[in-house]
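Read the structure below first, then the notes.
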């Protein structure tokens, strides 16, 4: 069963990217386009899992934001991105994949910190099999031509397939670290937003470069 489906032609309402042109704030994906350079998100810097680039993000229907995604658990679901990529340059130690955020459902009175998890298994960078251009000082020396790709990421219910993004020291009041493995499943039930990020690790630069054109995004049951 398909629970959500939208296309660039239809507007991809609610999807945004965090680029360096709008630091700390999302910009709508006009015609489905997300293009770097991206803002460097420091909220999960070490001792958290690392700095982030946010390629695309959208919110659940219950969130206090422009929402487009269905109010459903992500257990037993998968997300599919039909996209065209150009000039992608992913830093050597970075990962590109699906990330999910939820409030800590175990906190008293619902006032817990935010839990962020990144799915390392079936990472998008592995599926894209990127042909990285030569690099110089963190910048691409070439621009790879457009390539059509369809990537499918089932939301895993196996804790070891996920990485807890944790928190930087500066944001420990807002973000937390997932320590109990059972919490990963609760994040999939009680998620607030999700999307694609580049997990850069301990180095904020160089970041992800290139252009993603999302032709279609779909959430459906895993068959």
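Run the helix sum for the chain: -39,500 (n - 2.57) per DSSP H stretch of 4+ residues, divided by residue count, reported at 222 nm to the nearest 500 deg cm²/dmol.
-1500 deg cm²/dmol
Hey, how many Å between the Cα centroid of segment 77-105 and the Cα centroid of segment 168-186?
The distance from the Cα centre of segment 77-105 to that of segment 168-186 comes to 19 Å.
Any read-out appearing in this document is the output of simple, stated calculations on the displayed coordinates, not a laboratory observation. No experiment lies behind these values; they were computed from the predicted model shown.
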